[in-house]
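To start, the structure under review is shown below, and the notes come after it.
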Amino acid sequence: MSLSLILPFSLFLLLLLLLSAAPPSSAQSQNFSSLTASNSPWLPTQDRLLLSLNSVFAAGFRPSPSDAYTFSVWYYNISQTAVVWSVRAQLGSSATLSITAAGQLVLTNGSSSRNLWPSNANASQASSARLVLSDDGNLIFADVWESFNFPTDTFLPNQIMNGTNLTSPNGRFSFKSNQLLFNNTESYWTAPNGNAFEKLNETGLIVQESGGAIYSADFGESWLRRVSLGNDGNLRLYSYRPGLGKWTMVWQSIPELCKIHGTCGSNSICMSDGGNSTHCVCPPGFQAASTENYECKRKIPFTDLAKTKFIQLDYVNFSGGSNQTDLVARNFSDCQAQCLTKSNCLGFMFNYDGTGYCVLQLDRLLYGYWSPGTATANAMFLRVDNAETDKTTFTGLTSVLETTCPVTISLPQPPQESSTTTRMIAIICTLFAAELISGIAFFWAFLKKYIKYRNMAQTLGLELLPAGGPKRFTYAEIKAATNGFADLIGKGGFGDVYKGELSDKRVVAVKCLKSVAGGDAEFWAEVTIIARMHHLNLVRLWGFCAEKGQRILVYEYVPNGSLDKYLFQSRRSVDEEEMGEVVGQRKPVLDWSIRYRIALGVARAIAYLHEECLEWVLHCDIKPENILLGDDFCPKISDFGLAKLRKKEDMVSMSRIRGTRGYMAPEWAKTDQITPKADVYSFGMVLLEIVSGVRNFEMQGSLVESADWYFPGWAFDKVFKEMKVEDILDCQIKHAYDDKVHFKLVDRMVKTAMWCLQDRPELRPSMGKVAKMIEGTVEIMEPKKPTIFYLGDE
């Protein structure tokens, strides 16, 4: 055989050997940058991925439950995969995605010939028919179709939102322009200012039309981000930090999940733990009808509308759409009467604040939820049959507002008619004589009292006393009530406090003031102002005494004592043991929800003093010792308004500073005018102590010198620089801290405290805004680190 014949034959054998050794192309696992007619069809079993050029996003067939597949787009190569777009159809292993020779993108499920692609995607020219995935996660086919125009449940950064809608995976909820809808019809949330969403930036900014914007909690950093509508109906913004290795929620439309329509069925009430979990319960008089839809039904149906009654449910609200009728009622009885006149009225809501707010619930009870964040004077009254024996399980603080007692008065029946004229005359004369004698006796008693109090008023210079003022006690009454001032329950900068019992069996706290300037008339005027301050979270002033050189105030008695005994009891027990004192029974440890309620109640009370009183009132001494706790741990501020009875020189004396060191704002050390922002600073320090459970002047683990120690600065570094929020939590309940349940509460409290503790007064928010920041009704910007350098500024 010639050499010219051997060489081609050898090359042919070598080529055949290489082809036989290579595996079939369909069995290879490969990633590619575009899908064309030449490399289609694409099968789920081929294990192929369509990658963006920057390898941030991937598209392909993803396994789903029940041995099915979905064609989706997701973030690629991160620890927690997040699907951002998908074809909402269950596909089998024989499904195919292909580009036909005519330039059409076709997704079929096995033998089915129907095209399952979301919209008709047909290229104008077959040569340009190509499916690619852009660097921002947009799936594009031949410039005629793109996934950004057909979003499912997620928006990505730089994706145009306005004009496109989101639908939750379960199909129950949708987001359109600026509203969240239930069943595509009922709106339960509207964007701030009603402005539509336009796009999301990589820095965590949601841009709205007309110049509006929503900022994430980590605004300013460039992370992987997405806005998704979950199956629970809440719209959330997530960011992915590579260091944490997980998606973190940095904004959500509705902090209180129970306010989302459809969370529970008809007649049921949604309960929330303050986190991301809810459960449904039936109100009194109802029982579960369906566990799947969380619906309830009546135990005893109405048989006679005239034989019905109402059960009070505090903190319960039904927002039932078309079945809700808003009215203006003169009083509670009027609102109840309007419900009783309607056969389809199932209950009513009434507000005790004097506005006449009355809402009738007709036909059905929908979207009920329990929330202590609602107005404390608001209650739901559920209509049930008279035979119903269930008692209310929803009790709150509205019972405090019940200040009147029903009194039943019965009159004797008139005597039988008599024909004897003499008897009638005798009866009339007897009644006339009795009335005349009674009138003379009452007039004489009144005259004696009038002369007595007139002489007293003339002596004290109080001839013109304002009406409706507090009760004036004599010194003898105070001494008898306190058993000679025997039971001392507290000491403070304004005086000592004793426990006592009045003649009407009311238990009171008696404060004997010291260093009070001014005469009796001025003291009466100041006390009258304090007594007119009515708020759920303020200790009620019942009376006073100004006699024998004494200045005494009589307050309601708050049984659970002051907040410091609960926050710092571990340190307090150590101090008592070192001093040889007998350690009493330890107080219960306050959980996170109670601490949040205490912080919110105190903020609302201070905001009331600053912004809602007829006169501007500064507390000037906010600290845990002046925050008392009631039976249900409802916070009540004491010693408010007493700063009006003292001079500024007394309050800024060295002894005063030592008494409450760490709580006074920096401007107290200067000659500047004191504003409400001084109280804001003190509240911020108390709020930080509520979270940490330690005094602000007790050094924690730190390398700085004791002279340079500053508690807010240490807490700021731990939370916002080292990202170790657990290091500042109260060690008594640190084990109970759950990042999913308590993160939002603690995060709002810490951020609010940092804003309150800014060194310059103008940087601190007002107390009204502070209350809203704790409630979560306003967005909280990232705070600056608090310092004490303001003292050296000139």
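The values are calculated or read from the model by the stated rules, or taken from the named source; none is laboratory data. Computed from a predicted structure; not experimentally measured. For neighbour counting, all protein chains shown are included, and Cβ atoms are generated from backbone atoms with ideal geometry for every residue, glycine included.
Selection of the stretch 226-238 for residues being buried (at least 23 other Cβ atoms within 10 Å of the Cβ), over 20 Å from the mean Cα position of the chain (by Cα) and more than 23 Å from residue 279 (Cα to Cα) yields only 227. No other residue among 173, 197 is closer than 30 Å to residue 90 by Cβ and outside the structural domain of residue 750 (by TED's automatic domain parsing) apart from 173. Report, by residue number, each residue of the stretch 479-522 that is outside any loop (DSSP other than H, G, I, E, B), of a type in the set (A, V, I, L, M, F, W, C) and either closer than 22 Å to residue 626 by Cα or at pLDDT 90 or above (or both). Listed by number, the residues that qualify are 480, 481, 488, 489, 497, 507, 508, 509, 510, 512, 513. Out of everything in the stretch 698-715 that is at pLDDT 85 or above and of a type in the set (Gly, Ala, Ser), what residue ends up being nearest to residue 759 (Cα to Cα)? Restricting to residues being at pLDDT 85 or above and of a type in the set (Gly, Ala, Ser), the top hit is 713.
Looking at the stretch 774-787 only, could you name the residues that are of a type in the set (A, V, I, L, M), farther than 16 Å from residue 683 by Cα and either crowded, with 20+ Cβ neighbours inside 10 Å or in contact (Cβ under 8 Å) with a residue 12 or more places away in the chain (or both)? Residues satisfying the conditions are 780, 781. Which of the residues belonging to the stretch 169-193 are touching a Ser or Thr at 6+ places or on another chain (Cβ under 7 Å) and either surrounded by 15 or more Cβ atoms within 10 Å (Cβ to Cβ) or in a strand (DSSP E or B) (or both)? Correct list: 174, 178, 179, 180, 181, 189.
Regarding residue 63, is this residue exposed (fewer than 14 other Cβ atoms within 10 Å of the Cβ) and under 47 Å from the mean Cα position of the chain (by Cα)? Yes, satisfied.
Tell me the residue from 715, 771, 736 that is surrounded by fewer than 20 Cβ atoms within 10 Å (Cβ to Cβ), among the aliphatic types (A, V, I, L, M) and assigned by TED's automatic domain parsing to the domain that holds residue 616, please. Checking each option against the conditions leaves just 736.
In the stretch 537-558, of all residues being part of a loop (DSSP other than H, G, I, E, B) and at pLDDT below 90, the one that is surrounded by the most Cβ atoms within 10 Å (Cβ to Cβ) corresponds to 548.
Within the stretch 327-334, does at least one residue satisfy the condition of being touching a helix residue (DSSP H, G or I) at 6+ places or on another chain (Cβ under 8 Å) and in contact (Cβ under 8 Å) with a residue 24 or more places away in the chain?
yes
Being at pLDDT 95 or above and among the polar types (S, T, N, Q) is a description that does not apply to residue 190. Restricting attention to the stretch 301-320 and to residues that are polar (S, T, N, Q) and modelled with pLDDT of 85 or more, the residue that is surrounded by the most Cβ atoms within 10 Å (Cβ to Cβ) turns out to be 317. Taken over the stretch 66-88, the criterion of being surrounded by fewer than 17 Cβ atoms within 10 Å (Cβ to Cβ), hydrophobic (A, V, I, L, M, F, W, C) and touching a Lys or Arg at 6+ places or on another chain (Cβ under 7 Å) is satisfied by 82 alone.
Quick check: is even one residue across the stretch 146-154 among the aromatic types (Phe, Trp, Tyr), buried (at least 16 other Cβ atoms within 10 Å of the Cβ) and in a strand (DSSP E or B)? Checking the stretch 146-154: not a single residue is among the aromatic types (Phe, Trp, Tyr), buried (at least 16 other Cβ atoms within 10 Å of the Cβ) and in a strand (DSSP E or B). Of all the residues in the stretch 194-214, those that are in contact with a Ser or Thr (Cβ under 9 Å, 6 or more places away or on another chain), buried (at least 17 other Cβ atoms within 10 Å of the Cβ) and not hydrophobic (A, V, I, L, M, F, W, C) number 2.
Among the criteria (1) buried (at least 19 other Cβ atoms within 10 Å of the Cβ); (2) in contact with a helix residue (DSSP H, G or I) (Cβ under 6 Å, 6 or more places away or on another chain), the one residue 263 does not fulfil is (2). Annotation for the stretch 738-748: no member residue is more than 24 Å from the chain's Cα centre (by Cα), assigned to a loop (DSSP other than H, G, I, E, B) and modelled with pLDDT under 90.
Just one of 182, 197, 175 is out of contact with any Gly (no Cβ under 7 Å at 6 or more places or on another chain), aromatic (Phe, Trp, Tyr) and over 16 Å from residue 779 (Cβ atoms); which is it? Unique residue meeting the criteria: 175.
Cβ-Cβ distances below 8 Å connect the following pairs, each with a first residue in the stretch 345-357 that is over 17 Å from residue 309 (Cβ atoms), a second residue that is of a type in the set (Val, Ile, Thr), and a separation of six or more residues or different chains: 352/398; 356/328; 357/328. One residue stands out among those in the stretch 606-664 that are among the β-branched types (Val, Ile, Thr) and modelled with pLDDT of 70 or more: the one that is farthest from residue 538 (Cα to Cα), which is 660. Take the stretch 276-288 and flag every residue that is assigned to a strand (DSSP E or B) and surrounded by fewer than 17 Cβ atoms within 10 Å (Cβ to Cβ). Answer for the stretch 276-288, where residues must be assigned to a strand (DSSP E or B) and surrounded by fewer than 17 Cβ atoms within 10 Å (Cβ to Cβ): 279, 287, 288. Is it fair to say residue 212 is without any contact (Cβ under 8 Å) to a residue 60 or more places away in the chain, in contact with a Pro (Cβ under 9 Å, 6 or more places away or on another chain) and under 30 Å from residue 782 (Cβ atoms)? It is true that residue 212 is without any contact (Cβ under 8 Å) to a residue 60 or more places away in the chain, in contact with a Pro (Cβ under 9 Å, 6 or more places away or on another chain) and under 30 Å from residue 782 (Cβ atoms).
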